[in-house]
Amino acid sequence: MDRMKGKVVLVTGAGSGIGRATSELLAAEGARVIASDIDRTGGEATAKAIGAAARFVAHDTSSEADWVRVIEGIRSAEGRLDGLANNAGIAGPFPSRFADETVEQWRRILAVNVEGVFLGCKVAVPLMREGGGGSIVNTSSLAAFVGTPDLSAYGASKGAVRQFTKTVAMDCARKGWKIRCNSVHPGVIATRMGDAILPDERARERMKKRIPIGDLGAPRDIAYGILYLLSDEARFVTGAELVIDGGMNAI
Ligand SMILES: NC(=O)c1ccc[n+]([C@@H]2O[C@H](COP(=O)([O-])OP(=O)(O)OC[C@H]3O[C@@H](n4cnc5c(N)ncnc54)[C@H](O)[C@@H]3O)[C@@H](O)[C@H]2O)c1
């Protein structure tokens, strides 16, 4: 119940899927949650479902100006930031093969998935330092470990997030800032993004057969990993990769 008691956490992409489940779980464990999303309807619904422990803020994570506004808002309203779940992400149409992918699509996916994560770390770390430290969890993917011919820009973006996470972790640790930074790597999770990749029952059943555990993941499966990494239970964990994929990366 109290694993996040007294902590202020910003969750991006909180209006749907993994971000919503993470926001709800963090709040249930005692956190004050700032639920941000580019989608006002979804983000407001998440904050409403949580109640007094959450508030919604409109936020395009690919915009530096938005990041500065959101973090300054937290500085004024909450006065501190203990955790950041850099979760917002997009995948583009499926399939997106490198031979056909447009430069515009490639840039948009990298702008949200990579620049968004970079900006989050850059802009949030000073406020975390003021409060004596914190924890950042960047949502990468199983796609960071394997070739993804049907999602070319997406795979590249998640590989970048995996690597950049270690850079932030090392830099913060060496400087003694008491800020940890880790990545989570979901496999195939039943969310809006997951549905876009597996649009019908046949595709879902085929995918289940490829997953050693025999089922798709649920948003909560990832939320529990993010909760652990944001909590003080993970005080000795930084620069790590938490793979939550039903065993797919072990094949
Ligand atoms: N679902 C999967 O199978 C899967 C697998 C691996 C990794 N992931 C990653 O998990 C994260 C969450 O994805 P999900 O499956 O919950 O998808 P989702 O589509 O359900 O949720 C993504 C959320 O991000 C928001 N968003 C998109 N662009 C944004 C922007 N520029 N600024 C702010 N918010 C933005 C959307 O509005 C949405 O609410 C993503 O980073 C995704 O890449 C998902």
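Of the candidates Ala27, Ala47, the single residue that is crowded, with 22+ Cβ neighbours inside 10 Å, small (Gly, Ala, Ser), away from the ligand (no atom under 15 Å from the Cβ) and in a helix (DSSP H, G or I) is Ala27.
Residues of the stretch 4-13 that are more than 9 Å from the chain's Cα centre (by Cα) and near the ligand (Cβ under 7 Å from one of its atoms): none at all. Selection of first residues in the stretch 171-183 that are hydroxyl-bearing (Ser, Thr, Tyr) and of second residues that are surrounded by 15 or more Cβ atoms within 10 Å (Cβ to Cβ), restricted to Cβ pairs under 6 Å at least 6 apart or on distinct chains, gives the following pairs, ordered by first then second residue: Ser183/Asn138; Ser183/Ser140; Ser183/Arg162; Ser183/Thr165; Ser183/Glu241.
Taking the stretch 173-210 as the search range and keeping residues that are among the aliphatic types (A, V, I, L, M) and in a helix (DSSP H, G or I), which one is farthest from Ser152 (Cα to Cα)? Here the residue is Ala173. Considering every residue within the stretch 138-154, establish whether at least one is within 16 Å of the ligand (Cβ to nearest atom), without any contact (Cβ under 8 Å) to a residue 24 or more places away in the chain and more than 22 Å from Gly247 (Cβ to Cβ). Taking every residue of the stretch 138-154 in turn, none turns out to be within 16 Å of the ligand (Cβ to nearest atom), without any contact (Cβ under 8 Å) to a residue 24 or more places away in the chain and more than 22 Å from Gly247 (Cβ to Cβ). Every test in (1) more than 17 Å from the chain's Cα centre (by Cα); (2) part of a strand (DSSP E or B) is passed by Phe56 save one, and that test is (1). Of the residues making up the stretch 91-113, those that are within 11 Å of the ligand (Cβ to nearest atom) and free of Cβ contacts under 8 Å to residues at least 60 places away in the same chain are Arg108, Ile109, Ala111, Val112, Asn113. Taking residues in the stretch 2-30 that are over 23 Å from Glu72 (Cβ atoms), and partners anywhere that are modelled with pLDDT under 95 and within 16 Å of the ligand (Cβ to nearest atom), the pairs with Cβ atoms closer than 8 Å and at least 6 places apart or on different chains are Gly17/Gly194.
All of (1) surrounded by fewer than 18 Cβ atoms within 10 Å (Cβ to Cβ); (2) in contact with a Lys or Arg (Cβ under 8 Å, 6 or more places away or on another chain) hold for Ser183 with one exception: (1).
The values are calculated or read from the model by the stated rules, or taken from the named source; none is laboratory data. Keep in mind it's a predicted model, so treat the numbers as computed, not measured. In this analysis, Cβ positions are derived from the backbone assuming ideal geometry, glycine residues included, and neighbour counts consider all displayed protein chains.
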